[in-house]
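Some notes on the structure that comes next.
None of the figures in this text is laboratory data; all of them are computed from the coordinates on show. A quick note: this is a predicted structure, and the numbers were derived from the prediction, not measured. Neighbour counts are summed over all protein chains in view; Cβ atoms, including those assigned to glycine, are modelled from backbone coordinates with ideal geometry.
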Amino acid sequence: MAARLIKVRVVTKAGFNSVKDEGGILKVYTTACPEKGKANKAVIKLIAQFLKKRPSGLSIIRGDKSKDKIIQISD
């Protein structure tokens, strides 16, 4: 099975947790702070819930310290 890549834009310290599909890019709002990987963990969890996948099947392959990320989804 082939892995899929998705583009993600992250908004940290939001007042709510949400994922919105904005024309091929997922916009992820998280209440987590962008320190010590907290926001990245929250982003993976939120995207996994949105896509109905296991969080262990998702990984950040680009943009670990950026608001723009590339997430790899392994099936």
If I take every Cα pair under 8 Å that is 6 or more residues apart in the chain, average their sequence separation and divide by the length, what percent do I get for the relative contact order?
36 percent
Label model pair ALA14, LYS52: point-to-point distance (7 angstrom along the Cα→beta-carbon line) in nm is 2.1 nm
Counting only DSSP beta bridges with both residues in the chain, tell me the antiparallel percent, nearest 5.
75 percent
Which aspartates and glutamates have a Cα less than 12 Å from the Cα of LYS41, not counting those fewer than 8 places away in the same chain?
ASP64
Using θ = phi - 60° and the Karplus curve 6.51 cos²θ - 1.76 cosθ + 1.60, what whole-Hz ³J(HN,Hα) does each residue of region 58-75 get, with Gly and Pro shown as x?
10, 8, 7, 9, 8, x, 4, 10, 10, 7, 9, 10, 10, 10, 9, 10, 9, 8
Nearby aspartates and glutamates by direct alpha-carbon distance to LYS52 (threshold 14 angstrom, same-chain neighbours under 8 apart not counted):
ASP75
Return one number: the angle in degrees, 0 to 90 and rounded to the nearest 10, between the long axis of the Cα atoms of helix 38-51 and the longest principal axis of the Cα atoms of the chain.
50 degrees
